Amino acid sequence: MNVQEYLSKRKLLTEFKYDIKQLDKGYTDKTLHIDVTDNKITIKDVPPAMKEKFIGGKGYGLKYLWDATTPETKWNDPENEIIISGGPICGITQYSGTGKSLVVTLSPQTDSAMDSNVGGWFGPFLKICGFDAIELQGKSDKEVIIILDSRNGGTIRIEEAPAEPIDSHALSEALTEMYCPTEADKMKIAVVSSGSAADHSLIGMLNFSFYDKKKQRVRLKQAGRGGIGSVFRNKKIKALVALVPKVEPDMNKVVDMKAIIERGQRFNKEIKELDEKQCEMRTKGTAHLVEIMNDYDLLPTHNYKFGSHKDAGNIHSEVWKAKFAQGTPDGCWLGCNMSCAKGVNNYILRTGPYKGESVIVDGPEYENAGGLGSNCGIFNPDYIIEANFYCDTYGICTITWATLLAFVMECYENGILNEERTGGLKLNFGNADNAMELLHMLGRGEGFGKIAGLGVRKMKQLFIDNGWGDPQFINDIAMENKGLEYSEYVSKESLAQQGGFALTNKGPQHDEAWLIFMDMVNNQIPTFENKAEALHYFPMFRTWFGLVGLCKLPWNDVEPADNAQTDEPAKVPEHVDNYVTLYKSVTGREFDRKRLIQDSERVYNYQRMFNLRRGFGTRKWDRQPYRAAGPVTAEEYESRQERYDKQLKETVGFNPEGKTTVEKMAALRQYRETQYEKLKDAVYKRRGWDENGVPKLEFLQSIGMDLPELVDLRTKYDKGEWKLK
């Protein structure tokens with residue numbers, strides 16, 4: 001169909017006119033609430049106390065989600081919400097990495113609050129439309145598209161849209177052409193969508209569009225983790241569209257533009273002079289990490305069994321550099337000079353429903369190369385590109401898909417799965433053809449594809465309940481924590497990174513703390529207390545990015561030339577100072593590095609208490625699969641036998657001479673599991689939590705988070721009146 005045919009089948013369900021609230025110091029202090037059950041639209045004021053305690057972004061999302069749901073609310077209940085909020089810095093164009101927004105919902109995978117950060121243009125455009133946040137609630141009985149139009153006054157329309165395609169690349173292109181047919185206007189639209197696989201799975205994600213005027217293509221960035229797209233599609237929302245007249249140079253109406261420009265120019269100079277010598281973000285994006293991880297035995301291979309592979313050169317960063325379109329800006333928000341959103345342009349698809357089409361593939365990023373590639377034993381760049389594209393357009397998380405596919409492959413190789421159970425697919429490591437077919441099966445909602453779409457936690461329980469394998473082995477190799485699949489780094493030799501994954505609130509995502517080099521390579525945090533301090537500071541610091549609308553990458557993927565000579569180089573203090581200046585210059589609020597951490601502590605601990613409210617949030621939910629900590633199989637141990645034997649002798653005090661591999665593995669396992677429990681104790685103490693991992697009431701009081709709902713919950717928990725899972 002063409003655009004006119006799509007429009008001919010549309011039906012207006014609701015139209016709502018409003019006065020656009022102009023931004024002031026980064027805020028409008030307005031939230032848009034839309035209930036798609038009855039198409040009711042409401043504009044709410046943001047209370048000053050909420051603004052003070054929750055800041056924006058993830059903070060607003062968590063607060064609105066708490067207020068909208070009960071402890072019993074399920075992910076697919078109408079009252080579950082999807083909240084999108086950017087925060088006060090989101091949208092400025094004078095500093096790199098300022099286009100991020102945060103998406104929050106109850107997760108189909110973890111059954112608790114999930115947050116995912118995302119680039120693209122919707123977050124900033126939402127602010128131009130007059131809102132600090134949008135809440136999507138209810139469930140429609142029709143396929144709907146929601147349009148926020150700020151081009152001629154404020155108008156919100158909800159339209160029945162039965163004809164438009166579901167898959168993100170096709171839908172985003174169709175809507176961009178529909179609402180912005182001229183080339184100049186294509187910079188004035190942002191689309192949020194998911195895809196057909198989100199309809200059939202629990203692992204759906206959201207795509208946020210942006211228009212690349214140099215390539216003349218609609219591109220996508222992903223809010224990937226935890227099944228947010230599945231919630232979106234369960235509500236029968238096909239797309240969320242924002243239309244703006246233009247982006248003003250000072251859309252946020254900041255307090256001190258001169259200071260922002262000065263810091264932005266300083267950072268741009270660093271990128272220009274240092275990026276090529278450091279991470280090469282502007283030519284390779286995060287794919288520059290592939291060979292670094294392989295060299296340090298950290299590249300996930302064969303479901304995290306190994307950390308390197310002889311064929312890793314096939315997916316080396318120079319391979320990706322040659323495939324990426326070079327020489328054009330690759331920022332996913334205006335003014336970002338990191339240019340790290342690399343993509344493969346004019347790629348001809350080889351399989352699936354879009355076979356033969358020429359598309360742009362956003363990525364592969366490191367996580368996709370390491371996950372779809374090495375972790376599944378597939379060292380074929382074309383497969384990785386194609387799988388990357390179909391995950392995106394089908395609306396499923398590439399990290400989640402990669403990790404669950406690696407788990408499926410190891411189960412297949414160990415007889416837990418077979419062709420009868422997989423519907424005829426041979427899913428051994430390295431089988432690219434059948435791996436791709438499994439992805440298409442999920443897109444069609446067929447067979448074992450739907451089983452895979454349950455995610456690792458529910459799959460492993462299904463395999464155990466069916467008696468298909470040894471429960472301990474299945475649990476040991478199932479790389480999930482709290483129901484979320486691990487992102488793509490091997491954590492076995494870094495106790496701090498084990499905590500950085502499993503001691504998170506939402507599950508093992510690398511956006512809280514990436515401590516492998518500090519811990520394993522540079523030995524900068526040797527004691528439990530050192531590790532606990534790092535596992536306090538870095539999650540709090542990174543949480544702040546999600547409160548204010550910032551991308552993490554400009555913080556430490558290019559560093560000042562003299563950063564190594566500073567007192568705390570891992571913190572990149574000059575860039576931290578930049579962020580303090582940015583925040584003060586946007587909001588006019590008194591602010592320093594200490595307050596940055598305090599603002600994050602409030603929201604971080606609120607999320608921990610949210611987990612408790614859902615029946616989780618205690619010590620047992622911080623358990624990790626043993627594969628994250630050490631070798632599960634003899635093959636793993638023997639592949640690094642010299643290393644492990646040396647550790648047993650020098651660190652554990654166990655003489656490996658004359659011992660069988662099984663005996664040595666048992667001794668190493670006991671030691672590593674004990675070390676992890678000690679790490680939990682140290683981290684809980686540093687974070688102000690009790691020995692069961694719950695924030696202490698006096699600590700909540702000390703950080704100004706003794707809200708009535710948290711005090712009541714903690715009191716019931718102390719009295720044993722709160723039901724835990």
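Histogrammed with a bin width of 5 Å, the alpha carbon distances of the range 494-725 distribute as 1, 6, 12, 15, 16, 15, 12, 9, 7, 4, 2, 1, 0, 0 percent, first bin at zero.
The value given for the range 379-471 is a Kirkwood hydrodynamic radius of 13.3 Å, derived from the mean inverse Cα-Cα separation. Summarising the amide proton neighbourhood of residue 222: residues at separation of 5 or more, or on other chains, whose placed amide H is nearer than 5 Å comprise 119, 208. Each part gets one Cα centre, and for the range 254-309 versus the range 339-372 those centres are 20 Å apart.
Per-residue Karplus couplings for the range 15-32, computed as 6.51 cos²θ - 1.76 cosθ + 1.60 with θ equal to phi - 60°, are listed in order as 10, 9, 9, 8, 8, 6, 7, 6, 5, 8, 6, x, 10, 9, 6, 10, 10, 9 Hz, Gly and Pro entered as x. Applying a DSSP loop filter and a limit of 16 other Cβ atoms within 10 Å to the trypsin sites (Lys or Arg not before Pro) in the range 305-346 leaves 310.
For the range 3-243, the extents of the C-alpha atoms along the principal axes are 45, 41, 32 Å, listed from largest to smallest. Using alpha-carbon positions, what is the distance between the centroids of the range 193-226 and the range 560-576, in Å? One Cα centre to the other: 35 Å. Set the Cα radius of gyration of the range 257-490 against 2.2 N^0.38 Å, with N its number of residues, and you get 1.10.
Per the Kirkwood formula applied to alpha carbons, the range 321-415 shows a radius of gyration over Rh ratio, Rg over Rh, of 1.02.
Residue pairs exceeding 26 angstrom between C-alpha atoms, taken from 214/321; 258/506; 450/482; 213/246: 258/506. For the range 454-513, just say rounded, prolate or oblate: build the C-alpha gyration tensor, square-root its eigenvalues into a ≥ b ≥ c, call rounded for a/c under 1.5, and beyond that prolate if a/b exceeds b/c, oblate if not. In terms of gyration-tensor shape, prolate. Please tell me which of these pairs span more than 21 angstrom C-alpha to C-alpha: 571/594; 221/584; 100/253? With Cα atoms farther than 21 Å apart: 221/584. One Cα centroid belongs to the range 1-57, the other to the range 659-680; the line between them spans 53 Å. Restriction of the GluC sites (Glu not before Pro) in the range 65-95 to DSSP coil positions whose beta-carbon has at most 14 other beta-carbons within 10 angstrom yields 72. Computed from phi, the 3J(HN,Hα) profile of the range 146-151 under the Karplus parametrisation 6.51, -1.76, 1.60 (θ = phi - 60°) reads 10, 10, 9, 10, 10, 6 Hz, with x in place of Gly and Pro.
Residue by residue, the range 411-426 carries 3J(HN,Hα) couplings of 4, 5, 5, 9, x, 5, 10, 8, 4, 5, 6, 9, x, x, 8, 8 Hz when phi is fed to the Karplus relation 6.51 cos²θ - 1.76 cosθ + 1.60 (θ = phi - 60°); x denotes Gly or Pro. With Cα atoms as the point set, the range 522-638 shows a radius of gyration and Dmax of 18.0, 59 Å. Neighbour counting of Cβ atoms within 10 Å sorts the residues 104, 3, 408, 191, fewest neighbours leading, into 3, 408, 191, 104.
Quick check for me: using +1 on Lys/Arg Cβ and -1 on Asp/Glu Cβ, what's the dipole size of the range 257-490 about its Cα centre, in debye to the nearest 20? Spell out each step's value before the answer.
Details: 23 positive and 32 negative charges, 128 e Å.
Roughly 620 debye, rounded to the nearest 20.
Summarising the amide proton neighbourhood of residue 13: residues at separation of 5 or more, or on other chains, whose placed amide H is nearer than 5 Å comprise 158, 159, 160. Taking the fewest neighbouring Cβ atoms within 10 Å as the starting point, the ordered list for 193, 358, 308 is 358, 308, 193. Calculated mean residue ellipticity at 222 nm for the chain: -11500 deg cm²/dmol, from DSSP H runs with n ≥ 4 weighted as -39500 (n - 2.57), summed, divided by the residue count and rounded to 500.
For each of 550, 438, 596, count neighbouring Cβ atoms within 10 Å of the residue's Cβ, then give the residues from fewest to most.
Arranged by neighbour count, lowest to highest, 550, 438, 596 become 596, 438, 550.
Taken together, the values in this text are just the output of simple stated rules run on the coordinates, not laboratory data. This structure is a prediction, so every number in the text was calculated from the model and none was measured. All Cβ positions, even for glycine, are placed from backbone atoms using ideal geometry, and neighbour counts span all protein chains on display.
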